[in-house]
Structure formats: C-alpha cells, structure tokens
Amino acid sequence: MTVSTLLADLQLLTPELVLAVGAMALLLIGVYTKGEEKAAQRIMTLATALLILAAGLSVWMAQGPGGTAFHGAFVLDSFAMYAKTAVYLAGAVALVLAGHYLRTEQLARFEFPVLVTLAVLGMSFMVSANDLITLYLGLELQSLALYVLAAFNRDSLRASEAGLKYFVLGALSSGLLLYGSSLVYGFSGSTSFDAIAVAAAEGSQNLGLLFGLVFVVAGLAFKVSAAPFHMWTPDVYEGAPTPVAAFFATAPKLAAMVLLARVLMEPFGPMTEQWQQVTMVMAVLSMAFGSFGALMQSNIKRLMGYSSIGNMGYVLVGLSAGTALGLWSVLFYMTLYVIGVAGAFAVILSMRRSEGMVERIEDLSGLSQTRPALAWSMTALMFSIGGMPFMIGFFGKLFVFYAAVQAGLIWLVILAVIFSTISIAYYLRVIKVIWFDEPTGDFLPAPTGAAIISRLAALIAVSMPVVGIIIALVVNAGAGIGG
Amino acid sequence: MLGQLPILSAITFLPALGAVAILLLRALMRSEERAVLDRNAKGIALFVTLFVFALSLLMLVEFDAGQAGFQFVESLPWLPALGISYKMGVDGISVLFVVLTAFLLPICILSSWKLDKRVADYMAAFLLLETLVIGVFCALDMFLFYIFFEGSLIPMFLIIGVWGGQNRIYAAFKFFLYTFLGSVLMLAAMIVMFTQVGTTDIEVLLAHPFARDLQTWLWLAFFASFAVKMPMWPVHTWLPDAHVQAPTAGSVILAGILLKLGGYGFLRFSIPMFPNASEFFAPMVFILSIIAIVVTSLIAFRQTDIKKLIAYSSVAHMGFVTLGIFTMTELGVQGAIFQMLSHGVISAALFLCIGVIYDRFHTREISFYGGLVHKMPVYAAVFGLFAMANVGLPGTSGFIGEIMTMTGAFQVDPRVAAGAALGVIFSAVYMLVAYKKVVFGVVTNPKLEAATDLNAREWINLGVLAVLAVYFGFFSTPITDTTRASVDQLIQHYQSAQTVEAPAADAAPAETAAH
C-alpha cells in the first residue's frame, strides 16, 4: 500500500477520523479540566459541536463520488452518507437532550459525551461496512459504548440492571453474529461483501451459507430489537437514564437497521427469497409483540420501548420486499421514526416535577391544560409515530406497505394494517391522558433544549410538504445499492 | 373569474389557518387573559367559518351544473415516488357536500357560544375538522382523500373526549378504533389499486377497468371502511355512543357531515371503480339496509335517552341512503344524495333542539320532560317541525329523499321498497311518541317551571335550518339539477361496465336469453 492510496483511503474516512481523534482529545481535555461539573459541561458542548461538524463533513462529502477504502472493507456510497448524516445529527440531538438531565440528576460526568461520540463512531463504521470484519468492529465499538451508557447511573439499581441485561443479551447476539459470520466465511471463502454476493449468486441453495445468513440476521435483529430478539428493549429503556434511552431509540436503531438492510440487500441480495421468509416472520412477530405488549404499559419509557419493537416490525415489512423500493421505504421510515422518537423523548425529558423526574403515563394527566404547547407537540408526535394520516408518520407506513404490495406481499400488509389499528390504541391512551384527564400537577418549565426539540419535531411531524423533500433525499441515497 | 384562483384550496385550508391563528394567539397571551382569549377564539372561529361559507356559496354560483366532470380542478405534483399529487376538484356529487359542511360549521360555532371549558382548543378542533372534512369532498387523489378521511378522526376524537358527557372516553375510543380499523383495510386496497394502475389520480382510476375478481376484494375493503362510517347495521354500534357523549355541536357535525363521508365514498369509489362487484353485492347491501331501517327504528322506539333515539334514527335514515345508492337508478342515486343533504339539515337541527333543552336542564332523559309546549311554545313548534321532517312528512325535505330512494328501489325490486316503507312507518311511531312525551301533556316536573323559550342565537340557528328543511321540501330542483349531470354520468358508466364485462362472463347472457 502506497502512501497515496492510504491518503486517498483516509480521505473517505474524514468524518470518522474527526470523530475518533476528537473523542480522544475530548477525553484528554476532560481529564485535565479541573472540576467535574465544569469539565462535563465543556465536553458536552465540544462533543455536540464535533458531531455537528461530522454531520457537516458527511454532507459535504456527499457531493463527492464516494468509493471504497482499505481493499473494499469500507464503502462510502450515497446510502452510507445519508445514514451517517442522520446518525451524527441524532447523536447531537441526544447530547442536547442529555445536558440538562445529567446536571440536575447529579450525573454530569465528562465521560458521557465521549461515550456517545465513540458509539456514534461505531455506528458510522457499521453503515459503511462492506466486510464482515468491519461490520463486527463497528458493531462492537458501538455496543461497548452503549453498555456503559445504559448503566451510566451506576448508583441506581435499575440502571445497573439495564446495563447488565443489555450487556449479557448483547454479548449473546454478538456471539450469534460471529458464529454466523464464520459460517458465511467458511462457505463463501471470503469476508468481503462483494465476494459473498458472488458466492450467494452461484449457490443460492447453499445450506451452509443459509445457516450463516440466519445467524447473522439473528445477531443484527437483537440490535434493532426485532421480535423474537426484543426482550431487552422495554427493560433497558425503562432502566437506563432517560436521555440514554432517547439515544438508544434513535441513532443505534437507525444504524443497525441500515446495516441489516445492506447485509441483506448486498452480500445476500441473490438469496432474497430465502431471507425474505425470515424477515417476514420477524416483521409479524415484532408488530404483534409491539402492539399487544404496549397496551398494558403504565411507564411511558416502556411504552416507547414496545412502540419501537412494533415500529421495527413495520420497517421489516418494507425490507421484506427485497427491492430498491423496499430499501427506500426502510430509510424513509427510519428517518421519520427517528424524528418522531427524538421529539417524544424530548417531551418525556420535560416531565419534571419539583420532586424530580416522573415517567408514568398518568403523570401527563391534563397536560393540555397545564402546558398546551407541550400537549399539542406530544399529540402530534404520538399520532405521527402511530402512523396517523395528516402526520408525516403516515407516509412512512404508506411507503413501507406500498413496497411490500409491489413485491406481492399483500397478506403481510393486511396483517400490518390490522396491527396498526391495535397499536394506535396505545398512542391514543397517551393522548387521552393528556387531553381528557384532569391535571394532577404541573411540570417545571421544560429545559430549553428539550423544549426546542420537542416543538421542532412536532412541527416537522405535521408538515406534510416536508415529506417530499425527505423522500427525494432517501431515493437519492438508496440509489447506491440494491437496485 | 374563479378559474384561475385556487378556490377549493382556500375553502379547505382557511379553517386550518384560523385554528393556527387561535393557537398562536393563546401561545402569545398570558393565562390571566383567558376571558379575552376565549372571546377572540370564538370571534375568529365564527368569522373564518362564515367567510368560508361565503366562499363556498361563491363557488356554488360559479359551478356549472350542466357539466358532469370535475370543476375548479387544481393539480400540483407532490410526492412522485408514491404517485401522490395534490389534486382537488368538485363535481355535482361533491359540490353540495362542501357547501353543507361550510354551512353547518358557523351554526356549530354559534351553538357553542356559551361554552366556557377550554374554548380555544375547542374552536381550533372544530376549524381543523372543517378543513379535513371539506378536504375529503374535494380530494381528487386517492391517498389525499385517505389523508383527509382518516385525519378527520383526530379532531372528532378530541371533541368527543374532552367536551363530551359522562362516558365520553369509552365513546371516543370506540368511535376512533371502529372507524380506524375499517379505514386501514381501505388503505391496503388503495395501495393495491396504485400498484395495479400506477397512479392515484381519481379521475384516471374512475376510467380504469379493474379485473372482476380483484374488484370483489377491493370492493369489500372499501365497504369495510364506508359501512362503518355510514354507519350500516351491524357495525353501527359506535354511533349511538358517540352521539350521546358528544357535545351538541359535535353531534351536529357527526350526524350532519361525518355520516355523509361513507355515502360519498360509495359514490366516488365503490360504484364507479368496482361496478361489477357493486352489482354483485347490491342484494347484500339491500338486505343490510332494510335490516338497518327496520331494526334500528325498533331500537329507537325503546330508547329513554332522546339523543340516543335520534342517533338510531340516523342509522335508519342512512339505510335509505345505501339503499338508494345501490339501486343504481337515477331516482335512487339522486334520492340518496338528496337524503344525505336533507338529513344533514334535519338531524343537525334535531341535535340542536336537544341541545336547547339539555343546556337548560342538563338531562336527555325523555321521562324528565313533558308539557314543554306550555313553557316553550316556540321551541315546541320548531322541534315539531323537525320531528315531522325526520318522519318524512310531505312538504319537508325528508319526504323528498325518502320517496325518491323508495321509488328507485321499487324500480329494482318492489320487495326492497316494501321493506323500506316499513321503516317510514316505524320512524313515525318512535318520533311522534317521543315528541309527544317531551312536548305535550301537562308539566309534571317542577324543574320545568322555570323554562325559558328560545333565545336569539338559538332562533337564528334553528330558523335557518327550518327554512331550508321546508324550502327543499317544496323545491327539490335546485339540488337535483346540480347533481343530475354527474349522477347521469355515474349511472351510464356503471351500466356500460356491466355490458362490457358481460362477454367475459359467458354464463350471464346465456341465462338471460333463456328466460
């Protein structure tokens, strides 16, 4: 490898390099700044700036042609660039949401933003993975940072439990993924996605490859919390500090789903008929567990956990199509989902009373009378996540269903629309509490970051004209792969 | 003059702008100034709805009734990836519903003038509802239609749930989930149609011949949605709950406009797009309609709650509408549209009448009342007029709608007309008995002694509706002339689809030849 090719390779990794070097630098600054509170605040600001810078860089790089680096182990196509920008921005939003919470809960330590930055770096590699090794490295970097974040409130029993649960199940899923990867490597002779695609096309009936595929999918399904690998989600969402749950629900979901889509569409593209059955089963199970599980929840974070399981089910409906249209619908749905969930968690982070944070659904009682702006925002966001028309979330569902019908999966769509009726019931319950019940107490004024993000997300949720722009971006991004 | 202006978009979205204005106003005002805010919210709402009504009248004047196709068409590309465009337009079938909606909204706002519970939200919800409902009637893109159709659940859910009666939460959920489940099946069918035809433009879809077996499935999916919305027996059970719990203005909108969405859907989608399936299922619809007319009339007779009684009577009247639509004769379809418009006026007025006494005595129990004629003579007269109109007394618009649909039904099958006629008799029984119990007799309940007659605001509302109910009872041509061209085209299209399709199914012509 000559210096010039190395430089050319590194150029493609500009945002990652900025993040990696930046994270190390932040760590150093944190260690040498006196006063924990001050260090935390400073690093928080710097890390947010770093993530926004990285997002800017990836937007800027999207003007370029992209390409592969390190002998095809790393790929930068329009798909990856889109996902990266979204992941960086989601990371920045999570940090903005976290600042006030961590300060008031006495959790302000400078490691938090550094860990988030490292997790985002891992995701950045995940979405660019073009090789099983890159895939695993990115996934692990992300996961290790997230395990620590889940247990960040180490004095809290629930947070420690959440961290441990997430770690054990995550390790199990990594094991499955590795086992699957080794099978794939054994039967295709390569870890490179391109070579696997060739092997898959030659022997689509290859049983060993199929076994490997199923294990890899199972491993990734853990990360996107698709049923039947969803068990950790509600517990971790509930136990982890709220801003951490907000982060879990957005950036890692997006990255893992994009990775899953790439793995299925690129190396295993020739085996669509085989994996389609797996994703369809996962889609139906996720929608079922998500919608029935959420009905009886009283904790809003658990509700969001089940809601995310259900929503991943809808995304998998789109992915099951196995077409370019399906891929677009996945990206589109995930984008809308991340916006909606970020807004919803911003509302949850505004649920603070004088005695501390509250997170029961009942605590939202009469919000429409005490905090009308917050109430309207949450209403719009809940309806949007639920896929109600007049909110942008509806178009996500429409696109996903359209892709599936186009691929002939009409029965899957009929099941999906029925589950969407069941799931709308629990979003309605939140809205019922907000609007129909009498107030039981007022919240403290919302922190500025959460207030801005919740209103902004709600505004996007009701701005139907925006949908056209997002679709255009998504179609442009999805043009890179699948075809 | 209006050719260049996007008048339909203006009519559709002005109310939403009004809602935004009210909400912004609240955001800018301090909570101490609530009285000022409430007054302003009412003012804005009334002004906007009246202005929209004026615009809709202007549109009606400009509307060319001789033309069967869509008019005032606006078309903008919107989401090419999903085939969705922003396309609006009205024809003879939809134009009067737009006017009806724009007409009833100011009445709703006026009837809620004394409300003092969360007024700003209330007015905003009603204005949003107006946008969504008018949008349904104007949309010429299938998904756009769906967005408005389904979106209208949101404000209505809030209206029932926040400002409703004792059991409002149950009623709101039932209303929402029933209609939502029906609609999502329609969504699935729409996606299938889109993949088949490659466009969501309703005008193109109207001309597209769908395969016969596909039509059956699509028809059933659309039926699931419209039958619940209508509502047809046996999926009508959400309606009595929703009506009883909704505030007066909510009931007016629900009965006056939202129930018409189902009938409009049948006319816009089911019949022209799936003509063969419509013919196949017509007997089933007849049977369901007759059951609806007879059974709900009998149920209405047993009600002790006057609002519930009117709600069941609405189900029965909607039975005439489905009956008329599926006769696919000119009289039947014209009658169905007439019946929908007339029911929009009469049921709205009846719910307002109930609102008048509910505002005074806070109960809807029939047994509570009696002898109101001595205390509120004007009210008794007005209520009597609308009760008669609801029964279908000649000289009121209710009569025209019923006689037209029944004549249409008679042309198809006399037995169907006979079944429907039973309903007319029953409706006279329950309505007159209820009216007698509430209005006539002697005042036995001391609480009624303090009753006061209609005030000026109630007078205006009910007076305007009374004039319309009587006027259209004598002069039905303004309505039938407006709808005729479009209805004729609809029927022609339907009949030609039957004959075009006939060679494909060999058995049918052979059988008729043998007779």
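The values are calculated or read from the model by the stated rules, or taken from the named source; none is laboratory data. Just so it is clear, the structure is predicted and the values come from calculations on it, not from any experiment. Please note: Cβ atoms are built from the backbone with ideal geometry, for glycine as well, and neighbour counts cover all protein chains shown.
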Qualifying position, being more than 22 Å from A:G219 (Cβ to Cβ) and among the acidic types (D, E), among A:E105, A:E140: A:E105
Failed item in (1) in contact with a Ser or Thr (Cβ under 6 Å, 6 or more places away or on another chain); (2) crowded, with 21+ Cβ neighbours inside 10 Å; (3) within 14 Å of B:M123 (Cα to Cα), with B:A16 passing the rest: (2)
Meets criteria (surrounded by fewer than 22 Cβ atoms within 10 Å (Cβ to Cβ) and within 23 Å of A:G340 (Cβ to Cβ)) for A:A256: no
Hits in the range A:57-110 (condition: assigned to a helix (DSSP H, G or I), among the charged types (D, E, K, R) and either at positive phi or surrounded by fewer than 22 Cβ atoms within 10 Å (Cβ to Cβ) (or both)): A:R103
Count of residues meeting criterion [at pLDDT 90 or above, away from chain A (no Cβ under 14 Å) and in contact with a Leu (Cβ under 8 Å, 6 or more places away or on another chain)] in the range B:184-225: 0
Candidates B:A45, B:A27, B:A120, B:A65, filtered to the one that is within 14 Å of another protein chain (Cβ to nearest Cβ) and either in contact (Cβ under 8 Å) with a residue 12 or more places away in the chain or buried (at least 18 other Cβ atoms within 10 Å of the Cβ) (or both): B:A120
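Please go through the range B:145-167 and pick out each residue that is more than 7 Å from chain A (Cβ to nearest Cβ) and not aliphatic (A, V, I, L, M). Lay out the reasoning, then the answer.
To start, the set of residues in the range B:145-167 that are more than 7 Å from chain A (Cβ to nearest Cβ) comprises B:145, B:148-149, B:152-153, B:155-157, B:159-160, B:163-167.
Residues satisfying the conditions are B:F145, B:F148, B:F149, B:S152, B:P155, B:F157, B:W163, B:G164, B:G165, B:Q166, B:N167.
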Filter result for B:L181 (at pLDDT below 90, closer than 21 Å to B:G262 by Cα, surrounded by fewer than 23 Cβ atoms within 10 Å (Cβ to Cβ) and facing chain A (nearest Cβ under 10 Å)): yes
Count of residues meeting criterion [under 15 Å from the mean Cα position of the chain (by Cα) and of a type in the set (K, R)] in the range A:121-157: 0
Any chance B:L298 is of a type outside the set (K, R) and modelled with pLDDT under 90: yes
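If we scan the range A:354-361, do we find a residue that is at positive phi, more than 11 Å from every other protein chain (Cβ to nearest Cβ) and either touching a Lys or Arg at 6+ places or on another chain (Cβ under 9 Å) or surrounded by fewer than 24 Cβ atoms within 10 Å (Cβ to Cβ) (or both)?
Taking the range A:354-361 as the starting set, the residues that turn out to be at positive phi are A:356.
With more than 11 Å from every other protein chain (Cβ to nearest Cβ) added as a condition, the list becomes A:356.
Narrowing the set further to residues that are either touching a Lys or Arg at 6+ places or on another chain (Cβ under 9 Å) or surrounded by fewer than 24 Cβ atoms within 10 Å (Cβ to Cβ) (or both) leaves A:356.
Scanning the range A:354-361 turns up at least one residue that is at positive phi, more than 11 Å from every other protein chain (Cβ to nearest Cβ) and either touching a Lys or Arg at 6+ places or on another chain (Cβ under 9 Å) or surrounded by fewer than 24 Cβ atoms within 10 Å (Cβ to Cβ) (or both).
Considering only residues that are assigned to a loop (DSSP other than H, G, I, E, B) and under 18 Å from A:Y101 (Cβ atoms), which ones fall in the range A:348-367?
As a first pass, look at the range A:348-367 and keep what is assigned to a loop (DSSP other than H, G, I, E, B): A:350-351, A:354-355, A:358-359, A:365-366.
The answer is A:S350, A:M351, A:S354, A:E355, A:V358, A:E359.
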So A:L415, is it within 12 Å of chain B (Cβ to nearest Cβ), part of a helix (DSSP H, G or I), surrounded by fewer than 24 Cβ atoms within 10 Å (Cβ to Cβ) and at negative phi: yes
Neighbours by Cβ (under 9 Å, 6+ apart or cross-chain): first from the range B:211-232, surrounded by fewer than 24 Cβ atoms within 10 Å (Cβ to Cβ); second of a type in the set (D, E): B:R212/B:E501
B:L82 vs. criteria away from every other protein chain (no Cβ under 14 Å) and touching a residue at least 40 places away in the same chain (Cβ under 8 Å): no
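If I ask for residues that are among the small types (G, A, S) and within 9 Å of chain B (Cβ to nearest Cβ), which ones from the range A:388-407 would you list?
Within the range A:388-407, A:A404 is the sole residue that qualifies.
From the list A:A458, A:A477, which one is within 26 Å of B:W163 (Cβ to Cβ) and not in a loop (DSSP other than H, G, I, E, B)? Outline the logic, then answer.
Working: A:A477 fails: within 26 Å of B:W163 (Cβ to Cβ).
Going through A:A458, A:A477 in turn, just one is within 26 Å of B:W163 (Cβ to Cβ) and not in a loop (DSSP other than H, G, I, E, B): A:A458.
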Qualifying position, being surrounded by fewer than 21 Cβ atoms within 10 Å (Cβ to Cβ) and within 30 Å of B:E279 (Cα to Cα), among B:V412, B:V429, B:V442, B:V433: B:V412
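When you scan the range B:458-479, do you find a residue that is under 30 Å from B:N276 (Cα atoms), within 27 Å of the chain's Cα centre (by Cα) and either at pLDDT below 85 or not β-branched (V, I, T) (or both), even just one?
Step one: filter the range B:458-479 for residues under 30 Å from B:N276 (Cα atoms), giving B:479.
Right, trim to within 27 Å of the chain's Cα centre (by Cα) and you get B:479.
Subset that is either at pLDDT below 85 or not β-branched (V, I, T) (or both): none.
No, there is no match, as no residue in the range B:458-479 is under 30 Å from B:N276 (Cα atoms), within 27 Å of the chain's Cα centre (by Cα) and either at pLDDT below 85 or not β-branched (V, I, T) (or both).
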Conditions (1) under 24 Å from B:D38 (Cβ atoms); (2) within 14 Å of another protein chain (Cβ to nearest Cβ); number of the one not met by B:F126: (2)
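Hey, among the residues in the range A:432-442 that are within 8 Å of another protein chain (Cβ to nearest Cβ) and in a helix (DSSP H, G or I), which one's surrounded by the most Cβ atoms within 10 Å (Cβ to Cβ)?
A:W435
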All positions within the range A:443-472 that are over 21 Å from the mean Cα position of the chain (by Cα), crowded, with 16+ Cβ neighbours inside 10 Å and either of a type in the set (D, E) or more than 12 Å from chain B (Cβ to nearest Cβ) (or both): A:F443, A:A446, A:P447, A:A451
